[in-house]
Amino acid sequence: MHKLPELNTVGNKIPNRQAICDTLMAAAADDRNVVALCSDSRGSASMTPFFNAFPQQSIEVGIAEQNLVSISAGLAKCGKKPYAFSPACFLSTRSYEQAKIDCAYSDTNVKLIGISGGVSYGALGMSHHSAQDIAAFSAIPNMRVYLPSDQHQTAKLIRALLTDQKCAYVRVGRNPVEDIYSAENCPFEMDKATVLCDTENPDAAIVACGEMVRPAIEAAKALAASGIHAAVVDMYCVKPFDTEAILKLAPTVKGYVTVEEHAPFGGLGSMVSQAVAAACPKRVVNLALPDAPVITGTSKEVFDTYGLNAEGIRQAVRSLFA
Amino acid sequence: MTNKELSVLAYELRKKTVDVIMGAGAGHIGGDMSVMDVLVMLYFKHMNISPENQDDPGRDRFVLSKGHSVESYYTVLSEKGFFDYETYKNTFSRYGSEFIGHPHNTLPGVEMNSGSLGHGLPVSIGMALAGKMDQASYRVYTVMGDGELAEGSVWEGAMAAGHYKLDNLCAVVDRNGLQISGSTEDVMSHEPLAERFAAFGWHVIECDGNDMDSLDAAFSEAKCTKGQPSVVIAHTVKGRGSAVMENKAPWHHKVPTAEEYARIEADLETRKEELAHA
Ligand SMILES: Cc1ncc(C[n+]2csc(CCOP(=O)(O)OP(=O)(O)O)c2C)c(N)n1
Ligand SMILES: [Mg+2]
């Protein structure tokens, strides 16, 4: 368990996709097998610098997400370490079968990078939202699913992924995200959730991933002021899901609140509910996007509409004690 | 309306489209400008679609496959009377709006939702097949981007339309030569495009997609073509109408600054006047 980090409001604000590009550029300089693929998406992936610096290690496939993923699998089978970038909405639905068969089933070392995930594309509508990707990819045997929260965690995750040989899906958002961790203080263990809490015996647990981790921490801080000590579980590794981190908190917590930028089914909330129900039945409140097209707006407006913010999380935690 | 009047109208609607984008601070201006003449020619001359017949099973069908050109599409639909332009302009992309950033069929006049590229042609084939089953006389039109043609589903559709000899189907390619990352031929080449469609059994018509006479002739030829589907490869200029954005890849979805806006408006007005007095 780590202390809740100080949230520095004047801290860095860069999109996680940029941290991925930086990390891959450092790796590609030493390892010519590191290859990036884009589907007319290099700008939105922040991968233009990589494409310019490593033209021999860059492949553009055009607007063809299925091709993107299968080509990546072929590259991987022949020793390359492909990172395939495409908006999460298209990557997780258009090329779903390619991910299932050519990456997971054939066991190839393809890293699928879903950019502009969740409702990053705000007002562009459901075609551009990826509120199903956690459910879809988690349901594929041998596929891993990661939603890192800030640039420091993203960089550590990508460095870890560079060392292994299995496929994985990583979802990041489009918007710059404020730092949660720092270069000096970013606790990270591969495939283990980062549990943040100021006391040994928390009263409640908030389980979050991706962009929802920051409001979860803000909510925990606000709750502490009113005497409720909540642990925040940064479940960046949605799969393999860190069941142990969840169950460890069970003895003292009244219940769990889950929060995710995803549909209400098959995502983080479902997984936490499943784990808790099986081992230590307690209340689990799920905060998620609705089972409906989300309201038109920026991602912040969307989050605020559905209570996916510090205040919504705070109220959900309080409801455990009502 | 004469073709000359239609070309003037297209410039008027370009200006209105730019105003929508300025208000929203978002939009896909380049493809809006390249495709405007195609939309105006279809909606004001060739297609049998209007607010009066929008529920008539015999109406022509239209699917905007390159859904990101929604701003020009909605401007044309509002000009046809499907909904109010001011409401559209003042709410497009804003919080809670029905006018989201891609076509949405809760709005009158919109048949299908789009935004994910590569769906319009196969969907249109379904509509054309239904028309054949019912011996209906309606025609089906779909407009694709040229970058969009990299999607495999486009060619699955091309195969099926040829196979079923869907002469009630007319696909349009907005051949502006650009997509987000640059020139289509650099990103993923399509040439020889006409031969590719022909090999799939299509009647191929190439035209100047920013010239009303040329477009008019193309759609007339498509209507007369029997026994095979037609594709109109409309050669256009992305960002058509102002030197500020013409043929410049970043203008795929750039929003003009106030200064750029002033120049774009002036350019569009000049071209409109030139056409009006030609
Ligand atoms: C399946 C899918 N992949 C990616 C995108 C993102 N995208 C939106 S527009 C665009 C470029 C389209 O280029 P083109 O088809 O040439 O359209 P135009 O030049 O007419 O704007 C891309 C890649 C998308 N909307 N759908
Ligand atoms: Mg194009």
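The values are calculated or read from the model by the stated rules, or taken from the named source; none is laboratory data. Computed from a prediction, not measured in an experiment: that's the story for all the values here. Backbone-built Cβ (ideal geometry, glycine too); neighbour counts: all protein chains shown. Quick note on the areas: whole protein, heavy atoms, side chains included, nothing else; ligands and nucleic acids left out. Shrake-Rupley method; radii C 1.70, N 1.55, O 1.52, S 1.80 Å.
Would you check which residues across the range B:142-196 are among the small types (G, A, S), within 16 Å of ligand 1 (Cβ to nearest atom) and surrounded by fewer than 21 Cβ atoms within 10 Å (Cβ to Cβ) and list them?
B:G152, B:S153, B:G177, B:G182, B:S183, B:S189
Tell me which of these B:V123 doesn't satisfy, since it passes every other one: (1) in contact with a Gly (Cβ under 6 Å, 6 or more places away or on another chain); (2) open to solvent by 10 Å² or more (accessible area, probe 1.4 Å); (3) outside any loop (DSSP other than H, G, I, E, B).
Against the list (1) in contact with a Gly (Cβ under 6 Å, 6 or more places away or on another chain); (2) open to solvent by 10 Å² or more (accessible area, probe 1.4 Å); (3) outside any loop (DSSP other than H, G, I, E, B), B:V123 comes up short only on (1).
Yes or no: the range B:39-59 includes at least one residue that is within 14 Å of chain A (Cβ to nearest Cβ) and either crowded, with 24+ Cβ neighbours inside 10 Å or in contact with a helix residue (DSSP H, G or I) (Cβ under 7 Å, 6 or more places away or on another chain) (or both).
Here is the first cut: in the range B:39-59, the residues within 14 Å of chain A (Cβ to nearest Cβ) are none.
Looking for residues that are within 14 Å of chain A (Cβ to nearest Cβ) and either crowded, with 24+ Cβ neighbours inside 10 Å or in contact with a helix residue (DSSP H, G or I) (Cβ under 7 Å, 6 or more places away or on another chain) (or both), one finds none in the range B:39-59, hence no.
So which residues in the range B:167-201 are over 19 Å from B:A218 (Cβ atoms) and either away from ligand 2 (no atom under 16 Å from the Cβ) or of a type in the set (V, I, T) (or both), if there are any at all? I'd like the intermediate steps shown before the answer.
Kept after step one, since they are over 19 Å from B:A218 (Cβ atoms), are these residues of the range B:167-201: B:178-189, B:191, B:199.
Listed by number, the residues that qualify are B:I180, B:T184, B:V187, B:A199.
Please give the number of the condition B:M33 fails out of (1) open to solvent by 10 Å² or more (accessible area, probe 1.4 Å); (2) within 16 Å of ligand 1 (Cβ to nearest atom).
Of the numbered conditions (1) open to solvent by 10 Å² or more (accessible area, probe 1.4 Å); (2) within 16 Å of ligand 1 (Cβ to nearest atom), the odd one out for B:M33 is (1).
Residue-by-condition table, conditions (1) open to solvent by 10 Å² or more (accessible area, probe 1.4 Å); (2) modelled with pLDDT of 95 or more; (3) closer than 15 Å to A:K3 by Cα:
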| site | (1), (2), (3) |
| --- | --- |
| A:R159 | yes, yes, no |
| A:L162 | yes, yes, no |
| A:E178 | yes, no, no |
| A:P187 | yes, yes, yes |
| A:K192 | yes, yes, no |
| A:A208 | no, yes, no |
| A:K221 | yes, yes, yes |
| A:H229 | yes, yes, yes |
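Would you mind listing the strands (runs of 3 or more DSSP E) fully within the range A:47-154 where at least 3 residues are open to solvent by less than 10 Å² (accessible area, probe 1.4 Å) and within 16 Å of A:C21 (Cβ to Cβ)?
A:81-87, A:111-115
If I filter the range A:10-42 down to residues being in a loop (DSSP other than H, G, I, E, B) and modelled with pLDDT of 95 or more, which single residue comes out as surrounded by the most Cβ atoms within 10 Å (Cβ to Cβ)?
A:S39
Determine whether the range B:254-275 contains at least one residue that is open to solvent by less than 20 Å² (accessible area, probe 1.4 Å), within 16 Å of ligand 2 (Cβ to nearest atom) and not in a loop (DSSP other than H, G, I, E, B). Give the derivation first.
Taking the range B:254-275 first, the residues open to solvent by less than 20 Å² (accessible area, probe 1.4 Å) are B:256, B:264, B:268.
Pick out the ones that are also within 16 Å of ligand 2 (Cβ to nearest atom) and you get none.
So far as the range B:254-275 goes, no, none of its residues is open to solvent by less than 20 Å² (accessible area, probe 1.4 Å), within 16 Å of ligand 2 (Cβ to nearest atom) and not in a loop (DSSP other than H, G, I, E, B).
Given (1) within 14 Å of chain B (Cβ to nearest Cβ); (2) more than 17 Å from A:F85 (Cα to Cα), where does A:I140 come up short, assuming only one miss?
Exception for A:I140: condition (1).
If a residue must be within 13 Å of another protein chain (Cβ to nearest Cβ) and either open to solvent by 10 Å² or more (accessible area, probe 1.4 Å) or free of Cβ contacts under 8 Å to residues at least 24 places away in the same chain (or both), how many such residues does the range B:77-98 contain?
Number satisfying all stated conditions: 7.
Can you run down the residue pairs with Cβ atoms below 7 Å, 6 or more apart or on separate chains, where the first is in the range B:108-123 and within 7 Å of chain A (Cβ to nearest Cβ) and the partner is part of a loop (DSSP other than H, G, I, E, B) and of a type in the set (V, I, T)?
Cβ pairs passing all conditions: B:L117/A:I63.
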